[in-house]
Amino acid sequence: MSDEPAQELIDTLTSDLAPVEPIPSLRRVAGGVIALWLVVAAIGLLLMGVRPDLLAALSSPFGPGGIFAGLAAAGVGGLVAALALSVPGRESTARAGFVLASVGLAYAAGVGTFLFSQSPSLTTTTDWTADLRCLGISCAVGLLPAVGVVLFSARAQVFRPLALVVAAAAGAAALGAVTAQANCPANDARHLMLGHILAPGVGALVLSLPLLVALRRSRRS
Amino acid sequence: MSCVAVSPGLGCAIDAQTRMAYLVPGVRRREPMAEPTTQEERAERWRSWMAAAQRGDGEAYGRLLTELLPFVRGEVRRRLGDDAAVEDVSQEVLIRIHTARHTYRAERPLLPWVRTITRNAVIDQARRRTRALNRSSDVAPDAIAVDPPDLPGSDRLSPALERALDALPAAQREAVWLLKVEGLTVNEAAERVGISGGALKLRAHRGYRGLRDLLGREML
C-alpha cells in the first residue's frame with residue numbers, strides 16, 4: 001500500500017502548526033464544578049434557610065443522613081462521568097463515575113425504601129406541592145454546575161453527547177437535591193422518595209434537552 | 001505447556017492433552033523475561049512528541065503522526081475488518097487527532113487517547129455505512145447509477161478520459177465522477193457515498209492522480 005496520500009495528509013497537518021492550549025485536568029475541572037455547586041448551594045440556603053435539625057439529619061446513615069450521602073455520591077459520580085466522556089482516553093474514569101453514581105443512588109433509594117417500610121402508616125406531613133418544590137430546587141441549584149460541565153465539554157471532544165448531558169443533568173440535580181434536603185425539614189419517607197431521591201431522574205428528564213442544545217451551540221461557536 | 005528445571009540440563013514438559021509430565025534433557029527452566037523496553041520507549045517518545053506538537057513543533061508532530069499511522073491502521077483493521085475502508089478511516093483518525101490535540105494532557109499516556117479517537121472514528125464509519133445502505137435500499141434499482149457512461153454528462157467526455165476513468169478503482173472513479181461530472185459539492189457527494197467529506201476528498205485526490213498518470217499531465 002502506497003503511503004503517499006497519507007504522507008501528503010501528514011505534511012498538510014504539520015505545516016504551519018499552531019500551538020494549542022491543553023484543556024485543564026479533569027481533577028481541576030471537577031473541583032471547579034463542585035465548587036460552583038457549593039457557591040450556588042450556599043446562596044440558596046442563605047435565601048431559603050437551613051433546616052433546624054441539619055446536624056441530626058446528617059448523622060443518621062439509615063435515615064436522612066444516608067440519603068444525603070447517597071445523593072452526594074450520585075452527584076459527584078454523575079458529574080465526573082460527564083466530564084470524562086468528553087476527554088478521549090478517560091473511559092475508565094467515566095465508568096468509575098457511573099459506578100459511583102449508581103451506588104450512591106441505589107444507597108439513597110435503599111434508605112428511602114427502608115424508611116418507607118418503617119412508616120407506621122401512609123399518612124405524610126407533605127403533599128405533592130412540597131415534592132414539586134424540592135424537585136424544582138434540585139433542578140435550579142443543579143443548573144449552573146451542569147452548564148459548567150457543558151461548557152468544558154464543548155471545548156473538549158464530545159463523542160457521546162446524549163450520555164454526557166444525561167450524566168451531567170442527573171449528577172447536577174442530585175447535588176441540587178442535597179441542597180434541597182439541607183433546606184427541607186420533612187422526614188416522611190414518601191416525600192424523601194418523591195421529592196429528593198427522585199431528583200436525579202427528574203433532572204435528567206428536564207435538563208438534558210436544554211443542555212444538549214447548549215452543547216451543540218457551544219461546539220458550533 | 002510449562003517447563004520446570006529438575007536438575008541442571010534436565011527439565012520436564014507437560015503434555016497438554018494427557019497432562020503427563022515427561023523428563024526432557026537439555027531443557028532449562030525459563031526465567032521470567034525482562035519486560036521489554038521498546039514499547040515503553042516508544043510510548044515515552046510519542047508522549048514527548050505530542051507535548052512538543054502542542055507547543056507548535058511541526059517537526060515533532062510530523063514524526064509522531066508518521067509513527068502513529070501504522071499503529072492506527074492496525075487498530076482500524078482490527079475493528080473494521082473491511083480493507084477497502086481502512087486507509088480512509090485511518091486518515092480520518094489522523095485528522096481527528098489533529099483537531100483534538102488540545103484534549104491531550106502530557107502527563108497522561110498517549111495510546112489510550114489515540115485508541116479512543118480511533119474507536120469512535122470506526123463507529124462513525126460503521127454508522128455512515130449503515131445509513132448509506134438504508135438509503136440505497138429505498139431507491140429503485142434502476143435509479144442507482146452504476147455505469148458512469150449512462151449518467152447525464154457522460155457524452156461530454158473524450159473516449160480517452162472515459163477509458164482512464166474506467167481504469168480507476170471503483171471508489172476513486174465514483175468520487176471523481178460525482179465531483180467533476182455530476183458537479184456535486186463535497187458534502188453532497190460524501191452523503192451519497194456514505195463517507196465523510198475528508199474521506200471523499202482523499203478518494204478524489206487519488207483518482208485525479210491516477211488520471212494524471214494514465215492520461216499525462218497535459219490532459220488535465
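Take B:Thr66 and decide whether it is β-branched (Val, Ile, Thr), closer than 26 Å to A:Pro24 by Cα, at the interface with chain A (Cβ under 7 Å from one of its Cβ atoms) and part of a helix (DSSP H, G or I). Spell out the reasoning first.
On the way: β-branched (Val, Ile, Thr): yes; closer than 26 Å to A:Pro24 by Cα: no; at the interface with chain A (Cβ under 7 Å from one of its Cβ atoms): yes; part of a helix (DSSP H, G or I): yes.
No, not satisfied.
Consider segment A:162-210. How many of its residues are without any contact (Cβ under 8 Å) to a residue 60 or more places away in the chain and farther than 23 Å from A:Val149 by Cα?
Total meeting the criteria: 0.
What are the residues in segment B:69-82 that are at the interface with another protein chain (Cβ under 9 Å from one of its Cβ atoms) and not basic (Lys, Arg), if any? Talk me through it step by step, then tell me what you get.
First pass over segment B:69-82, keeping only residues at the interface with another protein chain (Cβ under 9 Å from one of its Cβ atoms): B:69, B:73.
Within segment B:69-82, just B:Leu69 meets the criteria.
Go through segment A:126-152 and report how many residues are outside any helix (DSSP H, G or I) and surrounded by fewer than 16 Cβ atoms within 10 Å (Cβ to Cβ). Please lay out each step first, then the result.
Within segment A:126-152, the subset outside any helix (DSSP H, G or I) is A:126-127.
Restricting the remaining residues to those that are surrounded by fewer than 16 Cβ atoms within 10 Å (Cβ to Cβ) gives A:127.
Of the residues in that region, 1 qualify.
Quick test for you: out of A:Leu207, A:Leu212, A:Leu192, pick the one residue that is crowded, with 23+ Cβ neighbours inside 10 Å and more than 29 Å from A:Ser119 (Cα to Cα).
Only one candidate passes the filter, namely A:Leu207.
Looking only at segment B:40-80, filter to residues that are of a type in the set (Ser, Thr, Tyr) and within 17 Å of A:Pro22 (Cα to Cα); which one of those is nearest to the chain's Cα centre (by Cα)?
Filtering segment B:40-80 for residues of a type in the set (Ser, Thr, Tyr) gives B:48, B:61, B:66.
Filter once more, so that each one left must be within 17 Å of A:Pro22 (Cα to Cα): B:48, B:61.
Details: B:Ser48: 24, B:Tyr61: 19 Å.
Here the residue is B:Tyr61.
Output the qualifying pairs, or none if there are none: Cβ atoms under 8 angstrom, residues six or more apart or on different chains, first residue in segment B:83-103 and facing chain A (nearest Cβ under 7 Å), second residue surrounded by fewer than 22 Cβ atoms within 10 Å (Cβ to Cβ) and acidic (Asp, Glu).
B:His102/A:Glu21
Is it true that A:Leu175 is buried (at least 24 other Cβ atoms within 10 Å of the Cβ), within 14 Å of another protein chain (Cβ to nearest Cβ) and modelled with pLDDT of 95 or more? Talk me through it step by step, then tell me what you get.
Details: buried (at least 24 other Cβ atoms within 10 Å of the Cβ): yes; within 14 Å of another protein chain (Cβ to nearest Cβ): no; modelled with pLDDT of 95 or more: yes.
Considered against the rule, which asks whether it is buried (at least 24 other Cβ atoms within 10 Å of the Cβ), within 14 Å of another protein chain (Cβ to nearest Cβ) and modelled with pLDDT of 95 or more, A:Leu175 comes out as no.
The values are calculated or read from the model by the stated rules, or taken from the named source; none is laboratory data. Values in this document were obtained by computation on a predicted structure and should not be read as measured data. In this analysis, Cβ positions are derived from the backbone assuming ideal geometry, glycine residues included, and neighbour counts consider all displayed protein chains.
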